[in-house]
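The values are calculated or read from the model by the stated rules, or taken from the named source; none is laboratory data. Nothing here was measured: the structure is a model prediction, and the numbers come from that model. As a convention, Cβ positions derive from the backbone with ideal geometry for all residues, glycine included, and neighbour counts pool all protein chains shown.
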Amino acid sequence: MADSPPLTVADLKALAGGLPFTTVLLLRKATVKKASNGNPFLSLEFGDRGGSFTANLWSDHPQYDVVQSRGEGVALRLTGRTDHYQGRFSPKLGEIELLDEAELEASGALAALVEVPPEDPQEMWRECETYIDHITHDELRMTVRGVFEEIGPQFRTSPAATSMHHAYRHGLLEHTLHMARVAKAILTLYAEVDADLAMAGILVHDTGKVTEYEGALGSTRSRKGILQGHVVLGYAIVRKAGLRAKLDPDRLERLEHIVLSHQGEPAWGAAAWAATPEAVLVSMIDNLDARMGMVQRALRTTSPTEQFSERLMGLNTTLLTEPLPPPE
């Protein structure tokens, strides 16, 4: 008789408290913290393609040093007992076993672990290509094409973040496409904004993230991501493509400025404040889709039996996920 598939995050959250379980999940995030008595512990975020939860691993656990040394983006077989803390699913962890990525992929288990967006990635990329094709300025269109020729398929698989928004495989593609759709819908309202430049800026604004993040199973920041950040990395990619396409200096500077300023504020990672009509528009759409991406994921992953999601750090609140009743 074949082994039963491991319990999903949704399965675990539906269990009553105090029940034993065994499952296979990804370790998405591991943060060292200190308890009130000064002892260290690991705050761990586990997940699969349908959701996530956090649990604590105390320093006296036999696998504490192994988990801390291996870090994020690994697959683990977990045993434990279901529990809740302050209304959130937070199980007590038992045995922890590191699993080989190649074995997971060969067995087909990898597909169940890696979270992906609801839309088909190939269809999303084809739609992105139509937005590139509709840029009427030749050198600007060639610049955008040059960016995607350099970063290749990485753009289509990369996450858009490690935890805040679109933090899953193909998340960067999804985030970029959603922004392009928003821009297409509202650009006619703002005659002051150059539509070609704004759309080009949206398509390339986050391309530095293909270098900032790494890992097939999870999204962790690379050495360059930590030392430079995606804003600077993206600026370098865009500048190189613009010079190769012989984009005029004024447009190139404005396109570079969109990349450098799209984070909104220096405190959030921007290298400059948005100071052109196109940069302001892109920055605002970026913020909108980042927040709505959090909303969309919470609606997808929160159990139908729950009225509210878990607390969303990027929104600083929980989200009402209960559907609106139909009109009478």
Mind checking whether some residue in the range 83-106 is touching a Pro at 6+ places or on another chain (Cβ under 7 Å), surrounded by 14 or more Cβ atoms within 10 Å (Cβ to Cβ) and within 25 Å of residue 171 (Cβ to Cβ)? no
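Pick out, from the range 221-296, the helices (runs of 4 or more DSSP H) lying fully within it that include 1 or more residues that are in contact with a Gly (Cβ under 7 Å, 6 or more places away or on another chain) and either within 22 Å of residue 196 (Cβ to Cβ) or outside the structural domain of residue 29 (by TED's automatic domain parsing) (or both). Walk me through how you get there before you give the answer.
On the way: elements: 223-227, 230-244, 249-261.
Helices (runs of 4 or more DSSP H) meeting the threshold: 230-244, 249-261.
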Among (1) under 19 Å from residue 176 (Cα atoms); (2) acidic (Asp, Glu); (3) at pLDDT 95 or above, which single condition is residue 214 missing? (3)
Search result, residues across the range 151-198 that are touching a helix residue (DSSP H, G or I) at 6+ places or on another chain (Cβ under 8 Å), closer than 22 Å to residue 111 by Cβ and among the polar types (S, T, N, Q): 154, 157, 158
Quick one: which residue in 177, 187 is assigned by TED's automatic domain parsing to the domain that holds residue 233 and either without any contact (Cβ under 8 Å) to a residue 24 or more places away in the chain or more than 23 Å from residue 117 (Cα to Cα) (or both)? 187
Which of (1) crowded, with 16+ Cβ neighbours inside 10 Å; (2) out of contact with any helix residue (DSSP H, G or I) (no Cβ under 8 Å at 6 or more places or on another chain) does residue 120 not meet, given it meets every other one? (1)
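Are any residues in the range 44-100 among the hydroxyl-bearing types (Ser, Thr, Tyr) and within 14 Å of residue 22 (Cα to Cα), and if so, which ones?
79, 82
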I'd like to know if the range 295-309 contains one or more residues that are within 16 Å of residue 53 (Cα to Cα), aliphatic (A, V, I, L, M) and touching a residue at least 12 places away in the same chain (Cβ under 8 Å). yes
Any idea which of 309, 283 is among the hydroxyl-bearing types (Ser, Thr, Tyr), closer than 21 Å to residue 175 by Cβ and in contact with a His (Cβ under 9 Å, 6 or more places away or on another chain)? 283
If you check every pair at least six apart or on different chains, which have Cβ atoms under 6 Å apart with a residue in the range 235-254 that is closer than 15 Å to residue 136 by Cα first and a residue that is of a type in the set (D, E, K, R) and assigned to a helix (DSSP H, G or I) second? 245/139; 247/139
It is to be established whether one or more residues within the range 108-131 are hydrophobic (A, V, I, L, M, F, W, C) and under 22 Å from residue 243 (Cβ atoms). no
Among (1) modelled with pLDDT under 95; (2) within 26 Å of residue 243 (Cα to Cα); (3) touching a helix residue (DSSP H, G or I) at 6+ places or on another chain (Cβ under 6 Å), the one test that residue 137 misses: (1)
Pick from the range 297-313 the residues that are assigned to a loop (DSSP other than H, G, I, E, B) and surrounded by fewer than 17 Cβ atoms within 10 Å (Cβ to Cβ): which of them is modelled with the highest pLDDT? 307
Suppose we keep only residues that are surrounded by fewer than 24 Cβ atoms within 10 Å (Cβ to Cβ), polar (S, T, N, Q) and assigned to a helix (DSSP H, G or I) within the range 150-208. Which one would you say is modelled with the highest pLDDT? 188
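Please indicate, with yes or no, whether at least one residue in the range 222-229 is on the phi < 0 side of the Ramachandran plot and under 16 Å from the mean Cα position of the chain (by Cα).
So the first thing to find is which residues in the range 222-229 are on the phi < 0 side of the Ramachandran plot, and the list is 222-228.
Then drop every residue that is not under 16 Å from the mean Cα position of the chain (by Cα), which leaves 222, 225.
Looking for residues that are on the phi < 0 side of the Ramachandran plot and under 16 Å from the mean Cα position of the chain (by Cα), one finds at least one in the range 222-229, hence yes.
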